[in-house]
Amino acid sequence: MPVHGAHDEVDLKLTVSRKVVLADGVIGLHLRGQEGEVLPGWAPGAHIDLQFGDDLVRQYSLCGDPRDETTWHVAILREPASRGGSAHAHERVTDGTQLTARGPRNHFDLVPASSYRFIAGGIGITPILPMIREAERRGVPWELLYGGRSRTSMAFLDDLAAFGERVRIRPQDETGLLDLVAFLGDPQPDTAVYCCGPEPLLQAVEKQCEQWPPGALHLERFAPKDLAEPVLHGAFEVELNQSGQIFTIPPERSILEVLHEAGIEVLASCKEGTCGTCETDVVEGEPDHRDSLLTPEEQASNETMMICVSRSKCARLVLDL
Ligand code: FES
C-alpha cells in the first residue's frame, strides 16, 4: 500500500548529542544522525517532527545554522499545559537519547524583500533566529522585536546581543506588552513582516498589519486557530484521483480519518492543521480551509489543503491521491 503525502519524507534516526538549558523552562537539543551522516538540507523557517513515543509526535522549528549539515538544533519550552511532548523532552530526554525525526518541512519561508521586521514572542524566537542570520548574510536590513514573560525566560539573548540596536528585547515584567504600534505603525512597501509566538500576539500583529500591503505578513502558529463553523454542515464526497475511489465524509469525521479507516495511508502528524504533513493536492472542487498554516493567498488558490482539518464547500472534492 503506497503511503501518500505532499513530501517525500523518511524517518531519520537521530541521537541527542547535547542537551542544554537555554532559559527558564527552555532546553536546547543538538541532534545528530548516525555516525555523523549528512542530514537533509533546510532553510530558515523549517520545522521537524520529533517522535517521543508511539503517539507522541511534536513539531519544532530548527534554530541552528542551515550550513551545519550534520547537526540540527531545536529549543523546547516546557508547556505548563503539556500534553506530554514537552514534559517528555524536559524530563526523559538526555545526552545519548535516540529519537526519530521526520522532515524538515517549511511553510514559513523567508521570502525576498528589501527589509524585514521580525516579531517573536517567547519560544517563537526559534524560527526567527535563523531568519535573522540569513538576512544578515543577504545584507538585507532587519529589525527584531522580541517579547517574553521575563528576561530569564527568553532564550538566545546572548546570541542576539551581538546585533545591537536592531534587536529590541522587551520582557513583559519590565516593559509591559509589545508596542506593536511603534514597531508596525508605518506600513512600508517591499518589507516583509514575520511573526511567531502565542495566539494573542499573532492576532494583535494581524490586526496591526491590516494597513500593510497584502502578503506582507507571514505568521507561524504553534497552536491551531479557533475553528470557524464549517461551510457545509452535512456530509460531502471525496474522490481519489489516482484510484477513482469515492468516500463519504460525515460531519463528525475528518477526510484524514475516513481515509485512514479505509486503509489509505496518508502521512499525518499534528492532526490539527498546524504542521503541513497531510498537505494534499486538490484536483477539483473548493476546499473549506480550516488549517492554521497556509497563507490567505495559498488558501484562495485552492491548490492544496490540509485534510486533517479542512473540509469542502461543495458536494464533491477530487484529491490527488
Ligand atoms: Fe498536521 Fe494535517 S497532520 S496539518
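The values are calculated or read from the model by the stated rules, or taken from the named source; none is laboratory data. What you see is a predicted model, and the numbers here were worked out from it, not measured in a lab. Please note: Cβ atoms are built from the backbone with ideal geometry, for glycine as well, and neighbour counts cover all protein chains shown. Side chains included, ligands, DNA and RNA excluded: accessible areas come from the protein's heavy atoms. Shrake-Rupley method; radii C 1.70, N 1.55, O 1.52, S 1.80 Å.
The figures follow:
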read-out: Unmet criterion (only one of (1) open to solvent by 70 Å² or more (accessible area, probe 1.4 Å); (2) touching a residue at least 24 places away in the same chain (Cβ under 8 Å); (3) under 21 Å from Thr277 (Cα atoms)) for Arg92; value: (3)
read-out: In the range 274-310, the residues that are more than 28 Å from Asp11 (Cα to Cα) and open to solvent by less than 20 Å² (accessible area, probe 1.4 Å); value: Pro287, Asp288
read-out: Residue list for the range 126-149, restricted to those being surrounded by 24 or more Cβ atoms within 10 Å (Cβ to Cβ) and part of a strand (DSSP E or B); value: Tyr146, Gly147, Gly148
read-out: Cβ pairs under 8 Å, 6+ apart, first in the range 173-188 and under 18 Å from Tyr116 (Cα atoms) and of a type in the set (S, T, N, Q), second surrounded by 10 or more Cβ atoms within 10 Å (Cβ to Cβ) and at pLDDT 95 or above; value: Gln188/Ser115; Gln188/Trp212
read-out: Residue count for the range 15-38, restricted to those that are farther than 15 Å from Gln98 by Cβ and in contact with an Asp or Glu (Cβ under 8 Å, 6 or more places away or on another chain); value: 1
read-out: Hey, Thr191 open to solvent by 20 Å² or more (accessible area, probe 1.4 Å) and of a type in the set (S, T, N, Q) or not; value: no
read-out: Qualifying residue in the range 40-53 (condition: of a type in the set (Val, Ile, Thr), more than 14 Å from the chain's Cα centre (by Cα) and over 30 Å from Gly176 (Cβ atoms)); value: no
read-out: Residue within the range 293-301 that is closer than 29 Å to Cys195 by Cα, assigned to a strand (DSSP E or B) and modelled with pLDDT of 95 or more present; value: no
read-out: Selection count, the range 248-268, where residues are over 13 Å from Ser312 (Cα atoms), part of a strand (DSSP E or B) and open to solvent by 20 Å² or more (accessible area, probe 1.4 Å); value: 1
read-out: Leu62 being open to solvent by 50 Å² or more (accessible area, probe 1.4 Å), among the aliphatic types (A, V, I, L, M), closer than 24 Å to Arg133 by Cβ and touching a residue at least 12 places away in the same chain (Cβ under 8 Å); value: no
read-out: Flag for Arg253 being among the basic types (Lys, Arg), within 26 Å of Phe222 (Cβ to Cβ), within 20 Å of the chain's Cα centre (by Cα) and within 15 Å of the ligand (Cβ to nearest atom); value: no
read-out: Number of the condition not met by Gln242 [criteria: (1) within 30 Å of Arg117 (Cα to Cα); (2) open to solvent by 80 Å² or more (accessible area, probe 1.4 Å); (3) away from the ligand (no atom under 16 Å from the Cβ)]; value: (1)
read-out: Candidates Pro230, Pro213, Pro224, Pro200, filtered to the one that is within 23 Å of Ile125 (Cα to Cα) and part of a loop (DSSP other than H, G, I, E, B); value: Pro224
read-out: Residues (within 20 Å of the chain's Cα centre (by Cα), under 22 Å from Gln245 (Cβ atoms) and away from the ligand (no atom under 13 Å from the Cβ)) located in the range 274-301; value: Asp281
read-out: Number of the condition not met by Lys271 [criteria: (1) open to solvent by less than 40 Å² (accessible area, probe 1.4 Å); (2) over 18 Å from Pro127 (Cβ atoms); (3) near the ligand (Cβ under 6 Å from one of its atoms); (4) not hydrophobic (A, V, I, L, M, F, W, C)]; value: (1)
read-out: Residue match in the range 6-18 (condition: in contact with a Ser or Thr (Cβ under 6 Å, 6 or more places away or on another chain), closer than 27 Å to Ile132 by Cα, of a type in the set (Lys, Arg) and touching a residue at least 24 places away in the same chain (Cβ under 8 Å)); value: no
